[in-house]
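The values are calculated or read from the model by the stated rules, or taken from the named source; none is laboratory data. This is a predicted model, so every value here is computed, not measured. Ideal geometry is used to build each Cβ from the backbone, glycine not excepted, and the neighbour counts take in all protein chains shown.
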């Protein structure tokens, strides 16, 4: 399953077609809810801290390093990130969809 925000690149027809062709189910994401984007709270900060300052010869080297970093993340860390996502979703429900980042 894939959960992504409603950023324009994620909503492009090409992306929807690609995901459908590869059988990737997409979970709906509430509009205008950046506080519910797991990549912003878990994945991107982790990648950014590890990749910061690194120089790469080409795109293949970048892909290789990112893949290695992603594979090094423990399953428990991913599970914890989904638990925190669940908690933020619950807070979103309690706040009736109002903005709550940082709470």
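Surrounded by 12 or more Cβ atoms within 10 Å (Cβ to Cβ), part of a helix (DSSP H, G or I), modelled with pLDDT of 85 or more and in contact with a helix residue (DSSP H, G or I) (Cβ under 6 Å, 6 or more places away or on another chain), is that true of residue 62? Explain how you work it out, then say what you get.
Values: surrounded by 12 or more Cβ atoms within 10 Å (Cβ to Cβ): yes; part of a helix (DSSP H, G or I): yes; modelled with pLDDT of 85 or more: yes; in contact with a helix residue (DSSP H, G or I) (Cβ under 6 Å, 6 or more places away or on another chain): no.
The answer is no for residue 62.
Given 47, 3, which one is surrounded by 13 or more Cβ atoms within 10 Å (Cβ to Cβ), within 13 Å of the chain's Cα centre (by Cα) and at pLDDT 85 or above?
Checking each option against the conditions leaves just 47.
Find the residue count for the stretch 68-79, including only residues that are over 14 Å from the mean Cα position of the chain (by Cα) and farther than 9 Å from residue 46 by Cβ.
6
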